[in-house]
Structures are given as C-alpha cells and as structure tokens.
Amino acid sequence: MSRFWVVSRKQWRLGVIAVVAVMVAAAFWRYETLRTERETQAAVQAVRVIHMVTGEFKTKLDNGQDMEVYRFDPGTVFANDGERVELRIRGVNGNKHDFVIEGLNLRGTVEKNKETVVSFTAKEGIYRIVCLTHSDASHEGPMIGYIVVD
C-alpha cells in the first residue's frame, strides 16, 4: 500500500514564507558582512595627514650680536598606533634642513618654500625629529620635534 503526502494550501504558504524569511536573513547577513569589511578596509587605507613647518626665532643680544634659533612647529604631533601617517613639512625659514626621524629610520630634507612628505605606519612610542643642520646650540638649535604615538 502506498502512502501519499498531501500538502494543504496553508502548509504550502507557511513553507514559502519560511523559505523567503531564510533568504532575507541570509541576504541581510551577507550585506552586513560586506559593509563591515569595506569599512575596515577604508579605515586601514585611510591616511592621516599631519602638517608641520620649519620656523625661526631671531633676536639681538645685549652685546649687539644676532641670535637665531630654528624649530619645528608644532613641536609635538600625535598619532594612533597602527595609523598610516603622512607627515608634510613645509620649509618657511632656513634654506635647507636635513632631518632624521629616530626609531623610524626615516630621513629627508626640507627646503625653503617647498613641502617634504614622509609616510609611515605609526607604532607606539615617542620619536624625535632631529634637524641635522641645526643639531645643537652652536648650530642655531637644537631643532627637534616629537611624534607621540599612543
């Protein structure tokens, strides 16, 4: 004797509704997964631009001698650990400033009225930007800036 399974209209409708609900849930889950991946990639690829300039202070001493001191401005910049950083340094005063960023093994030269761009991925720590041209008081310095990464 054979048995047949008879599906009523009510059972058919409930089955279709269940299948549609599963498909909508799967589509929403996939959409959210792709959106989260895109946001993560955008955050990773985003570059933080930090602007600095070279500056000069000049004064006349009591004995009539001129005194000049150079600096990076701002003297301290901040970044977050893992952040892609693009440091843009514009030369305002002084013809040429060769510099090194200690701990990041980066070197560059800033020239008057030109912008030098140095890129790196920030790692936790404090890094000194040291001008090699103005490294101490006898060379109108020290011209030092800091990058603080938390």
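Against the numbered list (1) within 23 Å of Ala122 (Cβ to Cβ); (2) open to solvent by 60 Å² or more (accessible area, probe 1.4 Å); (3) hydroxyl-bearing (Ser, Thr, Tyr), Tyr31 comes up short only at (1). The set of residues from the stretch 100-114 being acidic (Asp, Glu) and part of a strand (DSSP E or B) comprises just one member, Glu111. Glu37 passes all but one of (1) assigned to a helix (DSSP H, G or I); (2) among the acidic types (Asp, Glu); (3) surrounded by 12 or more Cβ atoms within 10 Å (Cβ to Cβ); which number fails? Every listed condition holds for Glu37 apart from (3). When the residues of the stretch 119-146 are filtered to those that are outside any loop (DSSP other than H, G, I, E, B) and of a type in the set (S, T, N, Q), the one that is surrounded by the fewest Cβ atoms within 10 Å (Cβ to Cβ) is Ser138. Against the conditions (1) outside any helix (DSSP H, G or I); (2) surrounded by 10 or more Cβ atoms within 10 Å (Cβ to Cβ); (3) of a type in the set (A, V, I, L, M); (4) at pLDDT below 85, Met1 satisfies every one except (2).
Can you tell me how many residues within the stretch 56-82 are surrounded by 10 or more Cβ atoms within 10 Å (Cβ to Cβ) and of a type in the set (Lys, Arg)?
Counting residues in the stretch 56-82 that are surrounded by 10 or more Cβ atoms within 10 Å (Cβ to Cβ) and of a type in the set (Lys, Arg) gives 2.
When the stretch 4-21 is filtered for residues that are open to solvent by less than 100 Å² (accessible area, probe 1.4 Å) and modelled with pLDDT of 85 or more, the ones remaining, listed by number, are Ser8, Gln11, Gly15, Val16, Ala18, Val19, Val20, Ala21.
Restricting attention to the stretch 102-118 and to residues that are β-branched (Val, Ile, Thr) and either in contact with a His (Cβ under 7 Å, 6 or more places away or on another chain) or open to solvent by 30 Å² or more (accessible area, probe 1.4 Å) (or both), the residue that is farthest from Pro142 (Cα to Cα) turns out to be Val117. Might you let me know whether the stretch 87-101 holds any residue that is more than 17 Å from Val69 (Cα to Cα), in contact (Cβ under 8 Å) with a residue 12 or more places away in the chain and loosely packed, with under 14 Cβ neighbours inside 10 Å? No.
Could you tell me whether the stretch 63-71 includes any residue that is modelled with pLDDT of 90 or more and among the β-branched types (Val, Ile, Thr)? No; the residues of the stretch 63-71 include none that is modelled with pLDDT of 90 or more and among the β-branched types (Val, Ile, Thr).
Quick check on the stretch 51-78: of everything there that is assigned to a strand (DSSP E or B) and polar (S, T, N, Q), which residue is nearest to Arg90 (Cα to Cα)? Write out each step before concluding.
Just the residues of the stretch 51-78 that are assigned to a strand (DSSP E or B), to begin with: 51-60, 66-73, 76-78.
From the residues that got through so far, the ones that are polar (S, T, N, Q) too are 54, 59, 76.
Numbers: Thr54: 6, Thr59: 23, Thr76: 15 Å.
Top of the filtered list is Thr54.
The values are calculated or read from the model by the stated rules, or taken from the named source; none is laboratory data. Just so we're clear, the structure is a prediction, and the values are computed from it rather than from any experiment. Every residue, glycine as well, gets a Cβ built from its backbone with ideal geometry; the counts of neighbours run over all protein chains shown. SASA here: full protein model, heavy atoms, side chains in, ligands and nucleic acids out. Shrake-Rupley method; radii C 1.70, N 1.55, O 1.52, S 1.80 Å.
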